Structure formats: C-alpha cells, structure tokens
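Rule-based calculations on the coordinates, nothing more; no lab input. Note that the structure is a prediction, hence the values are computed from the model and not measured. All Cβ positions, even for glycine, are placed from backbone atoms using ideal geometry, and neighbour counts span all protein chains on display.
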Amino acid sequence: MLFMISAHDSIAMYLAIEPQSLCFYVIAASKRKSEFSTEAGSKYLILGAFPSGILLFGYDRTTTDI
C-alpha cells in the first residue's frame, strides 16, 4: 500500500496494484471443496488479467519509458 503512495509513474502504480489483485484471486477461490468458489476464482482471474494486459499494451504504445 505504501508503494502506491510513493509511485512516481504509472508503471510503478501498476506494479503496486497487481500483487494485491493476485491475492484477491486466491481469496475468491479459497474454498477448495466448493465448485462455485473455484469457478468464481477462475472467472475473476480471467476478467482481471484481460484488462491488465490491455492496460500494459496501451502503456507500451504511449511511452518509451519501459
């Protein structure tokens, strides 16, 4: 959380938010015996990874700072 506050550019902000979202994917699928929990975790991962990829692709196209 402190890394988000001290981020000076958008790629640092992305790198601060992404580990938090990975933890949320695990929490969503944490109930191992429930198929609904596993399905929810996998759908959350797909719906989170796709916009994240688009964000990185757009950032790559708009800057040469990577």
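What the table shows:
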{"quantity": "Pair list, Cβ < 9 Å and 6+ apart or interchain, from the stretch 43-65 residues that are among the basic types (K, R) to residues that are part of a helix (DSSP H, G or I)", "calculated": "K43/A28"}
{"quantity": "Members of the stretch 1-24 found to be closer than 22 Å to T62 by Cα and part of a helix (DSSP H, G or I), listed by number", "calculated": "M4, S10, I11, A12, M13, Y14, L15, A16, I17, E18"}
{"quantity": "Matching option when the condition is surrounded by fewer than 11 Cβ atoms within 10 Å (Cβ to Cβ), of a type in the set (A, V, I, L, M, F, W, C), part of a helix (DSSP H, G or I) and within 17 Å of the chain's Cα centre (by Cα), among I54, I27", "calculated": "I54"}
{"quantity": "Some residue of the stretch 37-50 being surrounded by 12 or more Cβ atoms within 10 Å (Cβ to Cβ), in a loop (DSSP other than H, G, I, E, B) and in contact with a helix residue (DSSP H, G or I) (Cβ under 8 Å, 6 or more places away or on another chain)", "calculated": "no"}
{"quantity": "Members of the stretch 35-54 found to be aliphatic (A, V, I, L, M) and farther than 24 Å from L15 by Cβ, listed by number", "calculated": "A40"}
